[in-house]
Amino acid sequence: MHRPITLIALIAVVASLIAIAATPASAALPRDFVGLVTEDTLSAPSDYRRAQFADQASIGVQLLRQTFDWSKIEVSPGTYDFDIYDAFVGDAARAGLSILPIVFRAPPFRGGGSSTLAYPPTKYADLGDFGAVLVRRYGPNGTFWSENPDVPKLPIRTWQIWNEPNLKAYWPRGPNPKQYTALLKAAVKPIKAADRGAQIVTAGMPESRIGVALKKFIPGMYKAGAKKWFDVLAINPYGHTAGAVVANLARTRKLMKQFHDSAPIWGTEIGWSDVGPPGPQRVGSQGQATQVSNLVKLLDRSRRRLKLRGFVYFGWRDGQPYNGKDFWGLHTGLLNIEGQPKPAYSALQQALAALR
């Protein structure tokens with residue numbers, strides 16, 4: 001009886017090895033699958049930023065999603081101040097962290113206004129031109145890399161066009177999928193002319209009671225021809241639980257299938273608060289840790305089925321209330337306001353170690 005059992009075991013091992021070898025490359029995790037928002041580091045002293053980036057990389061973070069604020073970079077027509085972003089990009093590259101920039105917030109002289117609301121540019125083509133400027137600075141042939149040969153070259157190849165256009169705060173004249181699609185279209189040609197291999201990512205769109213529902217906004221984009229103008233569709237799939245996040249992604253995949261689109265999905269903002277104002281995202285300290293841990297497991301389990309490009313946790317460190325206002329999004333950090341790790345920090349660290 002021992003010899004047949006041994007033979008069966010050997011056959012099983014060989015079969016499993018063959019299956020592994022036959023697994024398509026697309027089934028492997030993208031090198032930048034795990035992302036993070038770390039706004040506290042953008043304008044911080046370099047020593048602080050480098051220490052945070054090293055910590056983030058050590059726990060398994062691979063990508064940083066960062067607003068590239070057009071209104072702060074183009075300081076006057078045709079004049080650009082890259083200093084803050086040069087430092088950010090350089091320190092990220094030193095830590096081996098990729099960047100997903102959000103091309104966002106037009107300056108006043110491009111129609112952006114001067115309020116806290118984020119108006120799109122009067123001429124959509126201006127955003128495409130600005131995107132090309134960024135590619136020529138930070139893309140594969142970017143001047144940043146030639147001017148800084150001591151920095152490990154890690155060019156930016158993915159560009160997210162705007163943020164949450166289905167909310168009035170980010171499309172103040174009223175969210176309009178046709179208009180957003182026109183903005184997306186205007187961005188594609190200049191960016192891809194500067195880098196043929198660049199990937200265009202749609203704005204992250206949330207399912208929110210104060211915005212246009214995704215079941216209306218995303219079909220509106222497809223009906224306006226958006227399928228031709230992006231490589232990855234992004235949503236910000238916040239949910240009370242990790243299961244609800246996956247359900248939001250699955251609903252989006254179902255919408256995409258209705259329009260015969262097999263493009264990847266990117267969950268570009270996901271998070272839970274431990275304290276702060278009450279709401280569906282406030283789940284307590286241990287609840288935050290539990291949801292973060294569950295999130296990694298569930299996304300890994302469903303990533304092939306959903307064709308998931310990656311996810312971005314929001315965010316690294318809690319923020320201070322501003323303009324006298326507090327909200328749950330200031331309390332989603334893996335670190336508290338003093339910079340001390342919460343239970344969610346260890347939960348993410350352990351979950352990513354298991355993922356690797």
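The values are calculated or read from the model by the stated rules, or taken from the named source; none is laboratory data. Nothing here was measured: the structure is a model prediction, and the numbers come from that model. A quick note on method: Cβ atoms are made from the backbone with ideal geometry, for glycine too, and the neighbour counts reach across all protein chains shown. Remember, those area values only see protein heavy atoms, side chains included, never the ligands or the DNA or RNA. Shrake-Rupley method; radii C 1.70, N 1.55, O 1.52, S 1.80 Å.
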Q | Of all residues making up the range 105-139, the number that are under 21 Å from residue 323 (Cβ atoms) and touching a Leu at 6+ places or on another chain (Cβ under 9 Å) | A | 0
Q. Within the bounds of the range 122-141, is there any residue that is without any contact (Cβ under 8 Å) to a residue 24 or more places away in the chain and of a type in the set (Val, Ile, Thr)?
A. yes
Q) Among the residues of the range 109-125, which ones are touching a strand residue (DSSP E or B) at 6+ places or on another chain (Cβ under 9 Å) and open to solvent by 60 Å² or more (accessible area, probe 1.4 Å)? A) 109
Q) Are there any pairs with C-beta distances below 6 angstrom linking a residue in the range 229-247 that is closer than 17 Å to residue 329 by Cα and in a strand (DSSP E or B) to a residue that is of a type in the set (Ser, Thr, Tyr) and open to solvent by less than 20 Å² (accessible area, probe 1.4 Å), with the two at least 6 apart or on different chains, and if so which? A) 235/252; 236/268
Q | From the options 291, 286, 258, residue that is more than 19 Å from residue 207 (Cβ to Cβ) and at pLDDT 95 or above | A | 286
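Looking at 52, 56, 62, which one is open to solvent by less than 40 Å² (accessible area, probe 1.4 Å), in contact with an Asp or Glu (Cβ under 8 Å, 6 or more places away or on another chain) and touching a residue at least 12 places away in the same chain (Cβ under 8 Å)? Write out each step before concluding.
Values: 56 fails: in contact with an Asp or Glu (Cβ under 8 Å, 6 or more places away or on another chain); 62 fails: open to solvent by less than 40 Å² (accessible area, probe 1.4 Å).
The match here is 52.
Give the residue, chosen from 333, 310, that is touching a residue at least 60 places away in the same chain (Cβ under 8 Å), in contact with a strand residue (DSSP E or B) (Cβ under 6 Å, 6 or more places away or on another chain) and surrounded by 17 or more Cβ atoms within 10 Å (Cβ to Cβ). Quick ask: steps written out before the conclusion?
Working: 333 fails: touching a residue at least 60 places away in the same chain (Cβ under 8 Å).
Just a single option satisfies the conditions, and that option is 310.
I need the full set of residues from the range 259-276 which are more than 26 Å from residue 62 (Cβ to Cβ) and open to solvent by less than 40 Å² (accessible area, probe 1.4 Å), in order please.
Taking the range 259-276 as the starting set, the residues that turn out to be more than 26 Å from residue 62 (Cβ to Cβ) are 259-260, 275-276.
Once the filter is applied, which keeps residues that are more than 26 Å from residue 62 (Cβ to Cβ) and open to solvent by less than 40 Å² (accessible area, probe 1.4 Å), the range 259-276 yields only 276.
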Q: Of the numbered conditions (1) open to solvent by less than 10 Å² (accessible area, probe 1.4 Å); (2) touching a residue at least 40 places away in the same chain (Cβ under 8 Å), residue 106 fails exactly one; give the number of that condition.
A: (2)
Q: Would you check which residues across the range 126-164 are open to solvent by less than 40 Å² (accessible area, probe 1.4 Å), part of a helix (DSSP H, G or I) and β-branched (Val, Ile, Thr) and list them?
A: 133, 135
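Each row is one residue, and each column tells you yes or no for (1) closer than 15 Å to residue 37 by Cα; (2) touching an Asp or Glu at 6+ places or on another chain (Cβ under 8 Å).
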{"residue": "307", "(1), (2)": "no, no"}
{"residue": "313", "(1), (2)": "yes, no"}
{"residue": "333", "(1), (2)": "yes, yes"}
{"residue": "336", "(1), (2)": "yes, yes"}
Q: Tell me which residues, restricted to the range 208-219, are modelled with pLDDT of 95 or more and open to solvent by 40 Å² or more (accessible area, probe 1.4 Å).
A: 212, 215, 216
Q. Does at least one position in the range 221-228 carry a residue that is more than 30 Å from residue 246 (Cβ to Cβ) and in a helix (DSSP H, G or I)?
A. no
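Please verify whether the range 97-114 includes one or more residues that are closer than 19 Å to residue 169 by Cβ, aromatic (Phe, Trp, Tyr) and at pLDDT below 95.
Let us first name the residues in the range 97-114 that are closer than 19 Å to residue 169 by Cβ, namely 102-108, 110-114.
With aromatic (Phe, Trp, Tyr) added as a condition, the list becomes 104.
With at pLDDT below 95 added as a condition, the list becomes none.
The answer is no; no qualifying residue exists.
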(Q) Which residue is nearest to residue 123 (Cα to Cα), if the candidates are limited to the range 183-197 and must be assigned to a helix (DSSP H, G or I) and either open to solvent by 40 Å² or more (accessible area, probe 1.4 Å) or without any contact (Cβ under 8 Å) to a residue 24 or more places away in the chain (or both)? (A) 185
Q. Residue 252 passes all but one of (1) under 22 Å from residue 68 (Cβ atoms); (2) in a helix (DSSP H, G or I); which number fails?
A. (1)
Q. Which of (1) within 19 Å of residue 56 (Cβ to Cβ); (2) outside any loop (DSSP other than H, G, I, E, B) does residue 319 not meet, given it meets every other one?
A. (2)
Q) From the set of residues in the range 168-178 that are within 22 Å of the chain's Cα centre (by Cα) and assigned to a helix (DSSP H, G or I), which is farthest from residue 115 (Cα to Cα)? A) 177
